[in-house]
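The structure under discussion appears below in the form of structure tokens.
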Amino acid sequence: MTKNQILIYDTTLRDGTQGEQTNFSAEEKLRIAKRLDEAHFHYIEGGWPGSNPKDMRFFEMAKVVKFKNSRLTAFGSTRRPHTKPQACPNLKALVKAGTPACALVGKSWDLHVTEILKTDLDENLAMITDSIEYLKSMGKEVLFDAEHFFDGYKNNPRYTTKVVKTALAAGADVIVLCDTNGGSMPHEISAIVQKIASSFPLNIAGIHTHNDCGMAVANSIAAVQEGVKMVQGTINGYGERCGNADLISVVANLQLKMGKQCLPLESIRQLTNLSHYVSDVANAPPLNARPFVGRSAFAHKGGVHVSAVVKNSMAYEHIEPELVGNHRRVLVSDLAGKSNVEYKAKELGINLAKNDAMSKKIVHEVKLMEDRGFQFDSADGSLSVLIKKAIGEFVEPFTLESFNVVTSRSENTPCLSQATIKISVDGEEELTAAEGNGPVNALDHALRKALTKFYPQIGEMHLVDFKVRTLEGSEGTAASVRVLLDSTDGEDVWSTIGVSENIIEASWQALVDSIEYKLSKDKMNGK
Ligand SMILES: [Zn+2]
């Protein structure tokens, strides 16, 4: 291992799933694991085989997968008090998981031993020794997770140090220092890591932090600065309570800001994709403000910022967005002037700078629509479609003949919506019907069903978020609603918008824009 190498240990599939909203099936876990392997993560913690049948099934399925770059790891706890390790079902499940490495969690805070586990301090040490020796005798690499290490050290440093030394003496390969409650500050992490460094070499130490103080990434970085060689965390920071350290930020910071080597450069350029992929599988809308990879991470709204960034991107950007696979976005809103529209058009391969009249016409149209409640800074998909239409470069992919949506419920059946739709493509008519759990859902299904015959790539896309907001009507007018849709095709995420007094009409506008955006994007990319 080179001096600058930091090992990246992903626990999205285990600690990540402790998050309130995060659930993966065994099959989804396997898809994510393969993706992490492709990205050269050093360790992938797949789950806790002793705690549930789903994780057991994941490890069974993983046995036939050849991981090229990552070591698959199974997680479990030390043997129960006063039992033999070979009789402990949890340790047996760890062995049966068939992974080259095991993460073994043990208590390192005396309070947890006596008050939670209700056993004595010496028995806890014996549990650690027996469990590690047992796993080592089975040929496993053992990473010992010292649970509550930092809280333990603050309260009883002698006992916590003894726990670490016991694990090492039993043959642990890596000692992972855990801030399990997420309550530590970076300066505390630094000071405690410095002190423990006299007990064992930090080149076999790892750090595992939680984000309860918003410090998980900072704490991981602080530990690395002191010499720790492994960082544990999750993609997008998913995890219990406020989450784990977000490995996306950890890796980007260590590699791009601190000159450490975590993943190959190609994987760093895929971080945005990876983040979106995992949020897609988790069915969680991607967070726009996520550092490095969020859609807003390199978005510029104010006209002054935009003209500055056009001159020199360093003026308002801390890195080149492409380094992490993200891209610069210029938001067009009522703050915007011609330069924003021109920039947006350039992204679409259209040079508007030469066509002053056209730029002015588009800005004028945007402003009129914003007056009606449209908001293009959060709907770049709709804006792209609008620009293409304005310059006459847009061929309507289909024509709506009619649609009809009904919602019904009776005493004993739940509410169900049905939509029928008639469209035509190049004169060929298509009539379909579909159901949904709501009227918009039914309409979305019916429209896509009708179009898939003509445009099979529509099968790649789906909605990830649907937001509705009521806009106050101005004097004498009814209130209207604004619908914002986020769609994805696994590669990109885009937003589209619709505004109407009728929620179905507003949703329809946003749905059509979303499909038109996808088709024109694919066409531009030669698909
Ligand atoms: Zn944790």
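Remarks
- Checking each residue in segment 277-294 for being touching a strand residue (DSSP E or B) at 6+ places or on another chain (Cβ under 7 Å), in a loop (DSSP other than H, G, I, E, B) and crowded, with 16+ Cβ neighbours inside 10 Å picks out only Pro286.
- Taking segment 418-434 as the range and being among the acidic types (Asp, Glu) and in contact with a helix residue (DSSP H, G or I) (Cβ under 6 Å, 6 or more places away or on another chain) as the test, only Glu430 passes.
- Being part of a helix (DSSP H, G or I), touching a Pro at 6+ places or on another chain (Cβ under 6 Å), touching a residue at least 12 places away in the same chain (Cβ under 8 Å) and not aromatic (Phe, Trp, Tyr) is a description that applies to Ala222.
- Criterion (closer than 19 Å to Val95 by Cα, surrounded by 18 or more Cβ atoms within 10 Å (Cβ to Cβ) and at pLDDT 95 or above) met by exactly one of Ala62, Ala33: Ala62
- Residues in segment 1-48 that are over 24 Å from Gly227 (Cβ atoms), within 15 Å of the ligand (Cβ to nearest atom) and not small (Gly, Ala, Ser): Thr12, Leu13, Arg14, Thr17, Gln18, Glu20, Thr22, Trp48.
- Within segment 260-276, restricting attention to residues that are in a helix (DSSP H, G or I), under 26 Å from His300 (Cβ atoms) and in contact (Cβ under 8 Å) with a residue 60 or more places away in the chain, the residue that is nearest to the ligand (Cβ to nearest atom) is Leu274.
- Single match in Ser417, Ser410, Ser424 (criterion: of a type in the set (Gly, Ala, Ser), exposed (fewer than 12 other Cβ atoms within 10 Å of the Cβ) and within 22 Å of Ala442 (Cβ to Cβ)): Ser410
- Some residue of segment 203-210 being crowded, with 17+ Cβ neighbours inside 10 Å, more than 11 Å from the ligand (Cβ to nearest atom) and over 19 Å from Glu45 (Cα atoms): no
- Thr209 assigned to a strand (DSSP E or B) and either assigned by TED's automatic domain parsing to the domain that holds Gln255 or more than 28 Å from Asp122 (Cα to Cα) (or both): yes
- Total residues in segment 349-397, condition farther than 28 Å from Val468 by Cβ and in a loop (DSSP other than H, G, I, E, B): 11
- Some residue of segment 112-134 being of a type in the set (S, T, N, Q) and within 24 Å of Thr12 (Cα to Cα): no
- All positions within segment 65-83 that are closer than 19 Å to Ala172 by Cα and either surrounded by fewer than 18 Cβ atoms within 10 Å (Cβ to Cβ) or not assigned by TED's automatic domain parsing to the domain that holds Ala170 (or both): Arg80
- Within segment 229-259, the set of residues being part of a loop (DSSP other than H, G, I, E, B) and either within 16 Å of the ligand (Cβ to nearest atom) or not assigned by TED's automatic domain parsing to the domain that holds Thr22 (or both) comprises Tyr238, Gly239, Glu240, Arg241, Cys242, Gly243, Ala245.
- Pairing residues of segment 3-16 that are under 13 Å from Ile32 (Cβ atoms) with residues that are more than 16 Å from the ligand (Cβ to nearest atom), at Cβ distances under 6 Å and at least 6 apart in sequence or on separate chains, gives Asp10/Leu36; Asp10/Phe41; Leu13/Lys29.
- Counting residues in segment 447-457 that are closer than 24 Å to Asn283 by Cβ and touching a Leu at 6+ places or on another chain (Cβ under 8 Å) gives one or more.
- Of all residues making up segment 352-372, the number that are surrounded by 20 or more Cβ atoms within 10 Å (Cβ to Cβ) and not β-branched (Val, Ile, Thr): 2
- Residue within segment 163-186 that is within 16 Å of the ligand (Cβ to nearest atom), among the hydroxyl-bearing types (Ser, Thr, Tyr), more than 24 Å from the chain's Cα centre (by Cα) and outside any helix (DSSP H, G or I) present: yes
The values are calculated or read from the model by the stated rules, or taken from the named source; none is laboratory data. These numbers come from a predicted model, not from an experiment. Here the Cβ is made from the backbone with ideal geometry for all residues, glycine too, and neighbour counts use every protein chain on show.
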